[in-house]
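K.L.:
Sharing a structure below in structure tokens format, with a few things to ask.
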Amino acid sequence: MVSSSTDSRRIPAEWLRQVVEDKSEAPKLYAWRLPNLPPAGASSARNSPEVAEIADAEDERRRIYILGVGNIGRLYASFLAKIEYRPPITLVVHRRELLDEWKARPIIELVRNNGKKERNSRFRIEWWTEAQPTHGLIREPGSGRGVSNLIVATKAPDAIAQVDRVRRYLSSASTVAFAQNGMCKLWPPLGEAYVAARFGGDKAPGPRWLACVTTHGVRSLGPFRSVHASPADVLVGSVMVPEIRGGDGRDGRDGNDTTTSKEDKDRNATNNYLVKQMISAPGLNAREVATRELWVAQLEKLVVNAVINPLTAVLRCKNREVFEERGDGLRGVIDMLVGEASRTLRALVVHPSSDAILLAQDKDGKNSLTGEAGATGADLEETRKELLERFSPARLRGMLYTVARKVAANTSSMLQDVQAGKKTEIQDFNGWLVEMARYLGDEGGLPLNEKLILLVVDGAVRTRDELVKELRGD
Ligand SMILES: CC(C)(CO)[C@@H](O)C(=O)[O-]
């Protein structure tokens with residue numbers, strides 16, 4: 001286990017080392033809304049008294065903040081907005097210009113795969129920044145009541161940094177859901193060290209931390225506009241293993257727990273609010289799963305992203321083409337990439353840092369892979385055996401080809417990033433595998449993944465033949 005007091009040089013992740021070493025106070029942020037935009041030609045001097053509004057407690061308890069309004073943020077916003085007893089929703093943008101764009105055209109547009117355009121405008125929009133507004137009312141995120149429900153829909157490399165930046169407004173009354181691709185950084189063993197470093201002391205036990213595995217395919221058409229190219233589903237669950245909190249694999253805060261105090265029950269019900277909203281959002285197709293099932297699903301999705309995304313980015317092609325048999329060896333390369341991923345996931349399964357996840361139980365008290373009640377050493381061995389089989393090259397390859405058929409017509413998110421000149425998520429997919437292999441002591445490393453990372457980082461474009469030769473080292 002990695003503790004927050006661990007010698008920071010030995011912490012196996014740069015992001016966590018930075019958090020543990022950073023003793024600065026959480027920054028105070030201002031939540032700019034449209035009336036905070038100064039009229040054209042106005043001076044930047046403060047022109048109104050600093051009056052804060054009285055926030056509506058019930059509104060804040062129900063309000064869902066969506067941090068990041070790219071494809072994933074638009075998808076969640078559009079479907080959550082369709083709930084019958086609609087929760088209030090705030091879109092949180094990362095640039096001031098997006099407030100201006102929203103002012104000009106305040107609509108999220110999602111083009112469904114039948115061509116129908118779904119438009120939604122009933123959102124509040126905010127920009128969270130350290131700069132105090134010069135016009136209009138001054139507010140902080142959550143209007144002084146803290147942020148109860150936060151969906152982090154940024155790209156993977158920004159997710160933890162963004163949450164860390166808003167930590168001043170998060171507490172044990174908050175639920176934070178990570179919705180992007182890639183492994184959530186708060187899985188054991190690192191998550192607990194992060195929570196202890198940032199939420200130890202009077203804020204303990206910190207927010208409820210959720211992750212979502214989002215398989216919907218979405219393509220951007222520009223700010224606030226996307227095509228919902230391939231409807232799929234969402235798995236949501238807790239990334240914290242409960243040990244001390246009720247033992248249901250969903251951190252005991254699901255509203256069905258066995259704790260008796262009214263205070264605990266109220267808090268548990270509150271903390272499951274966001275999950276319930278996601279599940280009831282028409283079209284999002286969200287399902288709540290136990291911690292271990294979520295972990296396995298995220299690892300499998302990682303394998304999909306670590307193969308499809310970089311290959312499509314370097315070959316500049318749609319997902320479908322990567323899997324076409326053209327006798328040029330690309331299928332062999334895919335097998336080799338799957339082989340490297342399989343080796344790493346299998347080593348992770350047998351590593352002691354995974355024991356807590358493997359022993360986590362389902363809501364009904366059963367071990368979710370064996371179906372047996374209770375969690376014992378024998379269960380651990382049984383679960384390991386099942387996961388070693390599930391992460392075998394043959395099973396992972398079968399899983400990859402099944403997903404690939406469903407998303408054949410998509411332009412991968414990494415190719416979209418490359419085409420838009422944006423930073424890619426390569427370090428969170430293939431980089432995660434390479435780092436994990438290193439952490440687990442894999443001497444040989446993952447040579448194909450390492451080469452692929454360099455190609456994507458360099459913005460390289462290759463033909464199929466060139467790529468096969470380069471990756472195989474012919
Ligand atoms: C499944 C997937 C690769 C489909 O395009 C998607 O997760 C993506 O594009 O990142």
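K.L.:
Of the GluC sites (Glu not before Pro) in the stretch 437-474, which ones lie in a loop per DSSP and count no more than 16 other C-beta atoms within 10 Å?
P.N.:
443
K.L.:
Still on this model: Ignoring ligands, DNA and RNA, please state the percent of accessible area on the stretch 112-238 from carbon and sulfur, probe 1.4 Å.
P.N.:
It is 45 percent, rounded to a whole number.
K.L.:
Hey, another quick one. Determine the alpha carbon to alpha carbon distance for each of 82/318; 185/423; 23/451; 23/185; 276/318; 385/451 and list only those over 28 Å.
P.N.:
82/318; 23/451; 276/318; 385/451
K.L.:
Now for a different question. Relative to the compact-globule scaling 2.2 N^0.38 Å, provide the ratio for the alpha-carbon radius of gyration of the stretch 120-174.
P.N.:
So the stretch 120-174 has a normalised radius of gyration of 1.25.
K.L.:
Let me ask something else. How far, in nm, would the chain grow between residue 388 and residue 86 when pulled straight, counting 0.36 nm per residue and subtracting the alpha carbon separation?
P.N.:
104.4 nm
K.L.:
Another question, if that's okay. Roughly what % of DSSP beta bridges within the stretch 70-131 run antiparallel, to the nearest 5?
P.N.:
Percent antiparallel among DSSP bridges in the stretch 70-131 is about 50.
K.L.:
Please report the net charge: other residues with Cβ closer than 14 Å to the Cβ of residue 329, K and R +1, D and E -1.
P.N.:
-2
K.L.:
³J(HN,Hα) across the stretch 285-292 via Karplus (A = 6.51, B = -1.76, C = 1.60, θ = phi - 60°), whole Hz, x for Gly/Pro?
P.N.:
6, 8, 9, 7, 10, 6, 3, 5
K.L.:
I've got another one for you. When Lys and Arg each count +1 and Asp and Glu each count -1, what net charge do the other residues less than 11 Å away from residue 440, Cβ to Cβ, add up to?
P.N.:
With Lys, Arg at +1 and Asp, Glu at -1, the neighbours total 0.
K.L.:
Next question, about the same structure. Each label point is 7 Å from the Cα along the Cα-to-Cβ direction; what then is the distance between the points at residue 287 and residue 460, in nm?
P.N.:
So the two model labels end up 3.9 nm from each other.
K.L.:
Using a cut-off of 11 Å between beta-carbons, work out the net charge of the residues near residue 231 (Lys and Arg +1, Asp and Glu -1, residue 231 not included).
P.N.:
Around residue 231, the surrounding residues sum to +1.
K.L.:
Over the stretch 61-213, what is the percentage of antiparallel beta bridges among all DSSP beta bridges, to the nearest 5?
P.N.:
Bridges in the stretch 61-213 that DSSP calls antiparallel: roughly 15 percent.
K.L.:
As an exercise, identify the trypsin sites (Lys or Arg not before Pro) in the stretch 108-158 lying in DSSP coil whose Cβ has no more than 14 other Cβ atoms within 10 Å.
P.N.:
Filter output for the stretch 108-158: 112, 116, 122.
K.L.:
May I pose another question? By its C-alpha gyration tensor, with a ≥ b ≥ c as the square roots of the eigenvalues, how is the stretch 118-233 shaped: rounded for a/c under 1.5, else prolate for a/b larger than b/c, else oblate?
P.N.:
Here the stretch 118-233 falls in the oblate category.
K.L.:
Classify the stretch 282-334 from the C-alpha gyration tensor, please: rounded if a/c falls under 1.5, else prolate or oblate depending on whether a/b exceeds b/c.
P.N.:
It comes out prolate by the Cα gyration axes.
K.L.:
Given a Förster distance of 30 Å, report the FRET efficiency between residue 24 and residue 104 from their Cβ-Cβ distance, rounded to the nearest 0.05.
P.N.:
Efficiency computed from Cβ-Cβ geometry: 0.20.
K.L.:
How large is the accessible surface per residue of the stretch 55-162, computed with a 1.4 Å probe and reported in Å² as a whole number?
P.N.:
40
K.L.:
Which FRET efficiency value, to the nearest 0.05, is calculated for residue 137 and residue 401 with the Förster distance at 56 angstrom and r the Cβ-Cβ distance?
P.N.:
Working from the Cβ atoms, E equals 0.55.
K.L.:
Turning to a different aspect of this structure: For the stretch 69-120, just say rounded, prolate or oblate: build the C-alpha gyration tensor, square-root its eigenvalues into a ≥ b ≥ c, call rounded for a/c under 1.5, and beyond that prolate if a/b exceeds b/c, oblate if not.
P.N.:
Oblate, since a/c reaches 1.5 and b/c is not below a/b.
The values are calculated or read from the model by the stated rules, or taken from the named source; none is laboratory data. All values reported here derive from a predicted model rather than from experimental measurement. Counting neighbours? That spans all protein chains shown, and the Cβs are built from the backbone with ideal geometry, glycine included. Ligands, DNA and RNA are excluded from the accessible area calculation, which covers all protein heavy atoms including side chains. Shrake-Rupley method; radii C 1.70, N 1.55, O 1.52, S 1.80 Å.
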